[in-house]
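Step one of this worksheet: look at the structure below.
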Amino acid sequence: MKVLLVGKGGRENAMAWKLAQSPRLTGLYCAPGSRGMAQYGECRDIDVMDIEGQIDFAKEKAVDLIVIGPESPLEAGIADRFDEEGFKVFGPSASAAKIETDKDFALDLMHRYGIPTGTFATFSDPDEAKAYVNEQGAPIVLKAAGLAAGKGVIVAKTLDEALAAVDEILVDAAFGEAGAKLVVMEYLDGEEASIFGFTDGKDIVYAVSSQDHKRIGEGETGPNTGGMGAYAPAPVITKELQKEIYDRIMKPTVDALASEGTPFKGILYGGIIITAKGPQVIEFNCRLGDPEAQVVLPLMKTDILDIFEAGVNGTIGQIQMELDARAACCVVM
């Protein structure tokens, strides 16, 4: 089977490394890829947002399966276009990807379907946002509603910080178009973990839990980055908590998206916080995390090509996920 992997980062490097281990792989093509990925397959310098260029490359190489790594092309509808061209593609449609690309949509969906998460309100007017922040008090969380490369979240410990964050996102447009809408969310206190489910829109199988570290400073201080490193499994996720997260959060979200007429086919990433009230969702992403992919994929024994193909064919329910019992660690340098 010939595969085109779209992307170039650490996440895609880990995916290419894992795909290269499949005995069923006959050709791996990466666009744009990287010098690291070139050891596993042929790379072509095509930007991830050049959707028509990606399609032309897939046609030239007559690939059997497309796997989309990053979120930006998913938001732009790359999976929809590959589908229109008759390709098998593992990655959600633009409408299903809104679970990450529109935080207002995601939180509204969770509240309507009873998926545990914090209270929230969405604003485009800074004065209305400030009035709400003053009413709610601090600590409080402010998020650009759109994609901001993992950096559009401000955890404000004081009212002054929160009010400054409103100006930063809505007035100064620090996150560009991503911050045209501001989501103000209840601060959820606890330890975080990342949960990854591979789904065909009906059934779902899971990788090992992990925990990534985003804050730039020692001791979890300072602003969020795109990721400082990760380890797996996450000790905070006991077997009991794992089952609760799968049964009360992950599967109900897949079912909710299907009920909305936007079935999610791809990797659903639950950013989960373990609070005094139990596990709650901080946010969802529509793809593997980076750097989490670099610790989760090495602990996956099942052939990832089988999982991707089952995700496209609607047979994920037949996959028996086998996981390594060891631990893995990644540091971003």
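In table form, for the structure just shown:
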read-out: Magnitude of the charge dipole, the chain, Cβ model with Lys/Arg +1 and Asp/Glu -1, debye to 20; value: 1020
read-out: Cβ crowding within 10 Å averaged over residues, with 270-280, 191-201, 27-37 ranked highest first; value: 191-201, 27-37, 270-280
read-out: Sites Glu135 and Glu260, calculated FRET efficiency, Cβ-Cβ separation with R0 30 Å, nearest 0.05; value: 0.45
read-out: Zone residues, region 299-327, relative to Lys239, backbone N less than 18 Å from point 7 Å out along Cα-to-Cβ; value: 321-327
read-out: Burial ranking of peptide ranges 281-289, 134-142 (average Cβ count within 10 Å, highest at the top); value: 281-289, 134-142
read-out: Rounded percent of accessible protein surface that carbon and sulfur make up, region 1-137, 1.4 Å probe; value: 44
read-out: CD proxy at 222 nm, helix term only [per DSSP H run n ≥ 4: -39500 (n - 2.57); per residue of the chain; nearest 500]; value: -8000 deg cm²/dmol
read-out: DSSP-loop trypsin sites (Lys or Arg not before Pro) across region 157-243, with at most 16 other Cβ within 10 angstrom; value: Lys157, Lys202
read-out: Accessible surface, per residue, of region 72-181 when the full set of protein chains is kept, probe 1.4 Å, Å²; value: 43
read-out: Gain on full stretching of the segment that runs from Ser72 to Asp50 - 0.36 nm per residue minus C-alpha separation; value: 6.8 nm
read-out: Sites Lys59 and Lys202, calculated FRET efficiency, Cβ-Cβ separation with R0 30 Å, nearest 0.05; value: 0.50
read-out: Region 203-317, accessible surface, carbon-and-sulfur percent (1.4 angstrom probe); value: 52
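The values are calculated or read from the model by the stated rules, or taken from the named source; none is laboratory data. Keep in mind it's a predicted model, so treat the numbers as computed, not measured. Ideal geometry is used to build each Cβ from the backbone, glycine not excepted, and the neighbour counts take in all protein chains shown. These area figures cover heavy atoms from the full protein model, side chains too; ligands, DNA and RNA do not enter into them. Shrake-Rupley method; radii C 1.70, N 1.55, O 1.52, S 1.80 Å.
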